[in-house]
Amino acid sequence: MRGVVLNAPDDVYVEERDDPRIVEPTDAVIRVAATCVCGSDLWPYRGVEKIDGPAPMGHEYVGVVEEVGDQVTTIRPGQFVVGSFFASDNTCEICRAGYPSSCVNRVLMGTIGTQSQRARIPLADGTLVATPEPPPADLVPSLLAASDVLGTGWFGAVAAAAGPGKTVAVVGDGAVGLCAVLAATRLGAERIVAMSRHQDRQNLAREFGATDIVTERGAEGVARIKDMTGGLGAHSVIEAVGTLESMTQAIRSTRPGGHVGFVGLAHDVQLPVEELFYAQVHLHGGPAPVRRFLPELIELIWNREIDPGKVFDLTLPLEQAAEAYRAMNERRAIKALLTP
């Protein structure tokens with residue numbers, strides 16, 4: 001089969017890879033219908049995150065089940081499925097508490113690589129959720145978004161306690177940040193502030209429910225949020241970038257007693273404990289427990305109540321993966337969808 005490999009920074013290519021097979025009796029093999037490039041894929045692409053030799057890429061996927069192991073009971077061949085970027089058994093104590101991304105048996109799908117024509121899915125019963133029937137083509141992008149960016153944005157909004165009567169600020173205008181705007185809207189937030197400098201992303205944020213746009217960053221961005229909230233700060237702030245600047249901006253934009261949901265994959269972020277002590281904000285986040293939300297998100301998409309697939313503004317065949325990475329790295333695309 002064909003699959004995407006990162007050899008070194010700025011060096012992405014598609015090559016022939018071994019066909020996946022059932023390794024454990026809890027595995028499934030799917031034919032990938034759609035996959036995509038994630039913002040977190042850009043960290044190793046830029047050389048910020050080191051890789052040890054050629055690495056298969058991709059952790060977002062939807063597709064059709066081709067084969068299942070002997071111990072798989074809830075998923076069957078022929079079903080169209082959506083899976084999380086972490087495989088999980090969905091039965092351990094941590095999963096039952098709502099955090100399958102920290103499952104005691106978790107497998108990071110990025111180590112398998114789903115930017116490919118086919119993929120092995122460990123712990124299939126706990127990881128995959130089937131759609132009611134094969135979806136129409138126009139729903140596939142939104143279902144793919146549920147595999148990561150929608151679920152991650154949703155967790156950011158939940159962790160930030162977004163809800164009725166709340167002012168929510170979203171730091172980051174990538175696919176996750178935009179999906180966080182959509183989630184805050186669904187959760188009933190009264191005012192949603194998208195922090196963005198890019199017109200196309202501002203437009204989509206407004207379409208997803210943002211009531212205000214703030215273009216300033218850093219201290220100026222914090223000042224704007226404070227000014228908009230009577231000097232108090234937002235009730236809920238979602239951090240969807242993963243840098244020291246974005247995390248600091250999120251914490252300082254939050255009022256005492258407020259909540260910060262941080263879901264940006266952090267790199268070299270060290271927070272001053274003294275400032276946190278006096279900020280008196282709730283911090284909650286980390287790798288999103290996407291599997292927890294998948295049934296609800298799939299239902300919303302299936303019923304056409306939300307359309308998160310709009311974050312995909314570039315669609316390319318798998319063989320053009322290198323261009324998909326370049327376009328996202330150069331901010332010519334919000335998120336690139338790949339068709340195997």
The distance between the Cα centres of the stretch 98-144 and the stretch 192-250, in whole Å, is 31
MET1 to ALA322: extension gain in nm, 0.36 nm per residue of separation minus the Cα-Cα distance?
-> 113.8 nm
Mind listing P(r) for the stretch 4-158? All alpha-carbon pairs, 5 Å bins, whole percents.
-> 2, 9, 18, 22, 21, 16, 9, 3, 0
Antiparallel bridges, percent of DSSP beta bridges restricted to the stretch 113-230 (to nearest 5) = 10
Once you have the alpha carbon radius of gyration of the stretch 296-337, what is it after dividing by 2.2 N^0.38 Å, with N set to its residue count?
-> 1.42
Ordering 251-264, 58-71, 214-227 by per-residue average of other C-beta atoms within 10 angstrom, highest first, gives 251-264, 58-71, 214-227
Once all protein chains are kept in place, SER196 shows an accessible area at probe 1.4 Å, nearest 10 Å², of 10
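Expressed as a rounded percentage, what relative contact order does the stretch 109-243 have, with Cα pairs under 8 Å and six or more residues apart?
Over the stretch 109-243, the number comes to 24 percent.
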Compute the long axis of helix 290-302 from its Cα atoms, compare it with the longest principal axis of the Cα atoms of the chain, and write down the angle in degrees, 0 to 90, nearest 10.
-> 90
Provide the net charge surrounding LEU297, with neighbours chosen by a C-beta distance below 14 Å and charges set as Lys +1, Arg +1, Asp -1, Glu -1.
-> -2
Among ILE112, PRO135, TRP154, whose Cα lies farthest out toward the positive end of the dipole of the stretch 98-178, if unit charges sit on the beta carbon of Lys, Arg (+1) and Asp, Glu (-1)?
-> ILE112
Against the 2.2 N^0.38 Å rule of thumb, the C-alpha Rg of the stretch 42-100 sits at a ratio of 1.52
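Rounded if a/c is under 1.5, else prolate if a/b is larger than b/c, else oblate: which is the stretch 84-138, with a ≥ b ≥ c the root eigenvalues of its Cα gyration tensor?
Here the stretch 84-138 falls in the oblate category.
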List the equivalent ellipsoid semi-axes of the stretch 1-43 in whole Å, largest first, each obtained as the square root of 5λ for an eigenvalue λ of the Cα gyration tensor.
-> 24, 13, 11
For every other residue with a beta carbon closer than 10 angstrom to the beta carbon of VAL149, add +1 if it is Lys or Arg and -1 if Asp or Glu, then tell me the sum.
-> -1
What is the P(r) of the stretch 96-202, as percent of Cα-Cα pairs per 5 Å bin from 0?
-> 2, 10, 16, 18, 18, 16, 12, 6, 1, 0
So what is the accessible area of the stretch 10-70 per residue, in Å², with the probe set to 1.4 Å?
-> 46
Considering only the chain, percent of DSSP beta bridges that pair antiparallel, nearest 5 | 55
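Any idea what the relative contact order of the chain is, in percent, if you count C-alpha pairs under 8 Å spaced at least 6 apart?
Reported relative contact order: 19 percent.
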Using modelled backbone amide H atoms (1.01 Å from N, in-plane), which distant-in-sequence or interchain residues come within less than 5 Å of VAL214's amide H?
-> ALA194, MET195, SER196
Whole-number Å³ per residue for the convex hull built on Cα positions in the stretch 226-340 = 162
Any residue on another chain or 5+ positions along whose placed amide H is under 5 Å from the amide H of ILE238 is listed here as ALA169, VAL170, VAL171, GLY261
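Could the peptides 6-18, 106-118 be put in order, highest first, of the mean number of other beta-carbon atoms found within 10 Å of their residues?
106-118, 6-18
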Please work out whether the stretch 215-268 counts as rounded, prolate or oblate from its C-alpha gyration tensor, where a ≥ b ≥ c are the square roots of the eigenvalues and a/c under 1.5 means rounded, while otherwise a/b larger than b/c means prolate and anything else oblate?
-> oblate
Peptide ranges 277-286, 86-95 listed from the most packed, as the mean C-beta count within 10 angstrom indicates = 86-95, 277-286
Under 11 Å, Cβ to Cβ, from THR254 - net charge with Lys/Arg +1 and Asp/Glu -1 = +2
Lys, Arg +1 and Asp, Glu -1 on Cβ, resulting dipole of the chain about Cα centre, debye, nearest 20 | 760
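The values are calculated or read from the model by the stated rules, or taken from the named source; none is laboratory data. These numbers were taken from a predicted model, which means no experiment stands behind them. Using ideal geometry, Cβ is built from the backbone for each residue, glycine included, and neighbour counts are taken over all protein chains shown. We work out accessible area using only protein heavy atoms, side chains counted, and drop any ligands, DNA or RNA first. Shrake-Rupley method; radii C 1.70, N 1.55, O 1.52, S 1.80 Å.
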